[in-house]
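For reference, the structure discussed in these notes is given below.
Just so it is clear, none of the values below were taken in a lab; they were calculated from the coordinates. Here the structure is a predicted model, which means the values were calculated and not measured. Because the Cβ atoms are built from the backbone with ideal geometry, glycine has one as well, and the counts that use them run over all protein chains shown.
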Amino acid sequence: MDPIPNARRLRRGQTLAEEKLWAVVRGRRLDGFKFRRQVPIDRYFADFVCRDAHLIVELDGPT
């Protein structure tokens with residue numbers, strides 16, 4: 001099963017909290033670290049991933 005369509009759907013339908021965090025971290029705005037959104041990991045999708053920092057950020061709920 002191709003995860004790309006699901007990742008695109010999740011990026012289009014992001015929550016307000018995800019939108020706000022993305023505005024802060026996109027384009028290497030956070031200390032030069034590159035973040036990616038809705039990254040497939042096994043059968044799950046991580047909300048935000050920074051591979052250089054070995055960091056996964058999951059945002060659940062409205063806050």
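Taking Cα pairs under 8 Å and at least six residues apart, what relative contact order does segment 4-57 come out at, in percent?
Values: 58 pairs, mean separation 13.5, N = 54.
In percent, rounded to a whole number, it is 25.
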(request) Would you calculate, for the chain, the mean residue ellipticity at 222 nm contributed by helices, counting each DSSP H stretch of 4 or more residues as -39,500 (n - 2.57) and dividing by all residues, to the nearest 500? (result) -8500 deg cm²/dmol
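Let's see if you can work this out: charge +1 on each Lys and Arg Cβ, -1 on each Asp and Glu Cβ, no other charges. What is the dipole magnitude of segment 4-57 about its Cα centre, in debye to the nearest 20?
On the way: 13 positive and 6 negative charges, 57 e Å.
It comes to approximately 280 debye.
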(request) Of the listed values [x] 11.5, 35; [y] 15.0, 47; [z] 13.7, 40, grab the one calculated as Rg and Dmax of the Cα atoms in Å from the structure here. (result) [x]
